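To start, the structure under review is shown below, and the notes come after it.
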Amino acid sequence: MNSAADTYARLVATLKKIATLGSIAELLGWDEETYMPPKGAEHRATQRSMLAREVHELFISPAVGEMLSEVAASDLVRDPESDAAVNVREARRSYDRAVKIPPALVEEITRAAVLGQQAWTAARKYSDFSAYAPWLGKMLDLKRQEAACVGYSGHIYNALLDEFEPGQTAEALRPVFESLRKQLVELIGKIVSSGRKAPIEILQRRFPADVQEKLARSASELIGFDHQAGRLDVSVHPFCAGLGPGDCRMTTRYDEHWFGDAFFGVMHESGHGLYDQGLPAEHWGTPRGEFVSLGIHESQSRMWENLVGRGRPFWRFFFPRLKAALGETVRDVSEEQWVFAVNDVQPSFIRTEADEATYNLHILLRFEIEQAMLAGELAVDAIPSVWNSRMKEYLTVTPPNDAQGCLQDIHWSHGSIGYFPTYTLGNLYAAQFFEQARRDVPGLEDQFAKGQFAGLLDWLRRNIHIHGKKYRAAELVRRVTGQEPSAEPLMRHLKAKAAEWYGV
Ligand code: ZN
C-alpha cells in the first residue's frame with residue numbers, strides 16, 4: 001500500500017476519534033444546560049475538564065503534526081479541492097494554533113474566563129463596570145499574549161478573529177462594515193422620523209408556552225428540520241449543538257408575554273440545525289464535513305429567521321395556522337398587522353433583543369471598541385463612555401446604565417474577543433445568498449406562500465452544506481454568488497422593507 005495513503009487513513013481515524021470525544025463533551029454540555037440537576041455541577045465540571053484535556057493532548061501530539069506533514073508532501077493534496085487537501089489544510093491550521101499557545105497560557109485563560117465570568121455576572125447585576133474592569137484588563141492582556149504566540153499580519157485583532165472566521169481580517173472587514181454603518185444610520189434615522197409604529201402590542205398578549213412550543217415545532221418541521229435527527233428543549237440561553245450525524249440538539253425559552261422570542265428563536269436555531277443536518281455525514285469528524293465558519297453558520301440561521309421567517313410569503317401560509325392555534329388571543333389581528341409587528345424596527349439598548357436593521361449597529365460598535373482596546377488605544381476605564389457616545393451617535397439612544405450598555409454581553413468575560421463580527425457577517429452572507437437563491441430558483445417565494453420550503457433547502461444543501469469546509473467563507477460567497485462579499489444585498493433587503501412598512 002502507498003504509504004501516504006496509509007498515513008492519510010491514520011490521520012482521518014485520529015481526527016474522527018478526537019471529534020467523537022469532542023461530541024461526547026458537547027453532549028455533556030447540552031445536558032448541563034437542559035436536564036442536569038443543580039447538584040451535578042461539580043462532577044460535570046470534572047467530567048468535562050477531563051475530556052477537554054484528553055482531546056487537546058490527542059490533537060497536539062507530535063504524531064499528528066508528522067502525519068499532516070507527510071500527507072501535505074504527497075500527491076494526495078495535488079488537487080487543492082480534494083478531500084485530503086481540504087482536511088490537511090484545515091487540520092494544519094487548527095493544529096498550528098493549538099501547539100503555538102503554551103498549555104500554561106491556555107490554563108490561565110481558562111481560569112481568567114471562569115473567574116472573569118463570575119465577576120461579570122455580579123458587575124452586571126449591580127451595573128458596576130469598575131468591579132469587572134480589572135478582569136477585562138487581565139483578559140485583554142492574556143489575549144494579546146495569545147495573539148503574539150499565534151502570530152498575525154496587520155492588526156493584532158486578526159489573530160483572534162481568525163479563530164472564528166478563518167482567513168478574515170480587520171482590514172478587509174473595515175470598508176464593508178463602514179459602508180454598512182453609514183447606510184444603516186441614515187436608514188434607521190428615516191424610519192424613526194417616519195412617525196409610523198408597528199403594532200407590537202399584539203406580540204405582547206398572553207401566549208401559553210405549550211402553544212408556542214407547538215407552533216415553533218411545526219414551523220421548524222415545515223422548513224425541513226428533521227426531528228427524528230434532532231431535539232428541541234428548553235434552556236436559559238438558546239443554542240444549537242450538532243452532536244454528529246443524526247443528532248442535532250436545539251433549545252429555546254418561552255416568554256408567555258412576548259411571542260417573538262421563542263418562535264423566531266426556534267426558526268434561528270433550526271437554520272443552524274438544517275446546516276448541521278446537511279453537512280456530509282461520511283466526512284463527519286474531519287474538516288471536509290465541518291461548517292465553514294461562524295459567519296457562514298450564522299448566515300443559515302439568519303436566513304431562515306429573518307429572510308424567510310419574517311417575510312410576507314411565509315406568513316401567507318402560516319398566519320391562518322397561527323390564528324387557528326391561538327384562537328381568541330389574536331382573533332382581532334389581521335395578517336397585515338401581524339407581519340408589520342414582526343418587522344418592527346426601533347433603536348434599543350440590548351443587542352440580543354434588537355431587530356434585523358438596528359442589530360448590525362450593535363455589532364459595529366463592538367467591532368470598533370474591540371480593536372481599539374486590544375491594540376491598547378482605548379483604556380479599559382474609558383470603555384463605558386465610548387460605548388455610550390457611540391450608541392448615541394449610531395442608534396440615537398443612551399443606555400441608562402452599564403448593565404444595559406457595555407456590560408450586557410458575556411463574550412469578553414469568556415475571552416471571546418473577535419467573535420462579534422461573525423454575527424454581522426452572517427447577516428451579510430445570508431442576504432447575499434438569498435438574492436442568489438431567488439435568481440436560481442424560479443418562484444422561490446411563491447413556494448413559501450404554499451408552505452413549500454424544499455426549494456430553498458435543496459439550494460442550500462447543494463451550494464453550501466455539501467461542501468463542508470472545502471472553501472473559506474469569502475471564497476464560498478464568490479463561488480455561489482459570483483460577487484465579492486458585500487453589504488449591498490443586506491441594505492437592498494432592509495431598504496425594501498423600510499419602504500414597505502415605514503414609507504421611507
Ligand atoms: Zn446563531
*Is the stretch 389-402 home to any residue that is among the small types (G, A, S) and assigned to a helix (DSSP H, G or I)?*
yes
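Residue-by-condition table, conditions (1) within 17 Å of K470 (Cα to Cα); (2) crowded, with 20+ Cβ neighbours inside 10 Å; (3) within 14 Å of the ligand (Cβ to nearest atom):
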| position | (1), (2), (3) |
| --- | --- |
| F263 | no, yes, no |
| V266 | no, yes, yes |
| S270 | no, yes, yes |
| D276 | yes, yes, yes |
| G289 | yes, yes, no |
| S301 | no, yes, yes |
| A325 | no, no, no |
| E328 | no, no, no |
_Pairs, first assigned by TED's automatic domain parsing to the domain that holds A122 in the stretch 392-419, second surrounded by fewer than 21 Cβ atoms within 10 Å (Cβ to Cβ) and not in a helix (DSSP H, G or I), C-beta under 6 Å, six or more apart_ = none
*Across the stretch 341-391, what is the number of residues that are touching a residue at least 60 places away in the same chain (Cβ under 8 Å), among the acidic types (D, E) and within 25 Å of R144 (Cβ to Cβ)?*
2
*Pairs, first hydroxyl-bearing (S, T, Y) in the stretch 253-268, second outside any loop (DSSP other than H, G, I, E, B) and within 16 Å of the ligand (Cβ to nearest atom), C-beta under 9 Å, six or more apart*: Y254/A216; Y254/D261; Y254/A262
*Members of the stretch 207-235 that are more than 12 Å from L274 (Cβ to Cβ) and within 16 Å of the ligand (Cβ to nearest atom)*: A216, L232, S235
_Please pick out the residue among L279, L203, L274 that is closer than 20 Å to N427 by Cα and modelled with pLDDT of 95 or more._
L274
_Which of the helices (runs of 4 or more DSSP H) found entirely inside the stretch 436-485 contain at least 3 residues meeting this: closer than 18 Å to L279 by Cβ and out of contact with any strand residue (DSSP E or B) (no Cβ under 7 Å at 6 or more places or on another chain)?_
454-463, 473-481
*Could you tell me whether any residue of the stretch 66-88 is surrounded by 14 or more Cβ atoms within 10 Å (Cβ to Cβ), among the aliphatic types (A, V, I, L, M) and in contact with a strand residue (DSSP E or B) (Cβ under 6 Å, 6 or more places away or on another chain)?*
no
*Please state which one of V339, V386, V333 is surrounded by fewer than 20 Cβ atoms within 10 Å (Cβ to Cβ), away from the ligand (no atom under 16 Å from the Cβ), farther than 16 Å from I200 by Cα and modelled with pLDDT of 95 or more.*
V386
*Scan the stretch 214-241 for residues that are in contact with a Cys (Cβ under 9 Å, 6 or more places away or on another chain) and crowded, with 17+ Cβ neighbours inside 10 Å and report the count.*
4
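Is it fair to say S348 is in a loop (DSSP other than H, G, I, E, B), outside the structural domain of Y126 (by TED's automatic domain parsing) and within 16 Å of the ligand (Cβ to nearest atom)?
No, not satisfied.
Listed here are the residues, each with its yes/no results for (1) part of a loop (DSSP other than H, G, I, E, B); (2) at pLDDT below 95; (3) polar (S, T, N, Q).
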site	(1), (2), (3)
S49	no, yes, yes
A52	no, yes, no
V55	no, yes, no
E66	no, no, no
V71	no, no, no
E81	yes, no, no
E90	no, no, no
*asked:* Could you check the stretch 409-433 and list, in sequence order, the residues that are under 13 Å from M303 (Cβ atoms) and away from the ligand (no atom under 16 Å from the Cβ)?
replied: Q432
_So, E445, is that one in the same structural domain as E353 (by TED's automatic domain parsing), touching a residue at least 24 places away in the same chain (Cβ under 8 Å) and either buried (at least 17 other Cβ atoms within 10 Å of the Cβ) or within 20 Å of R174 (Cβ to Cβ) (or both) or not?_
yes
*Has the stretch 408-424 got at least one residue that is closer than 30 Å to L374 by Cα, of a type in the set (A, V, I, L, M) and touching a helix residue (DSSP H, G or I) at 6+ places or on another chain (Cβ under 9 Å)?*
yes
*Look through the stretch 448-466, keep the residues that are under 27 Å from P287 (Cβ atoms) and in contact (Cβ under 8 Å) with a residue 40 or more places away in the chain, and return whichever of them is surrounded by the fewest Cβ atoms within 10 Å (Cβ to Cβ).*
I466
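The values are calculated or read from the model by the stated rules, or taken from the named source; none is laboratory data. None of the values given here were measured: they were computed from a predicted structure. Glycine gets a Cβ as well: all are built from the backbone with ideal geometry, and neighbour counts include every protein chain shown.
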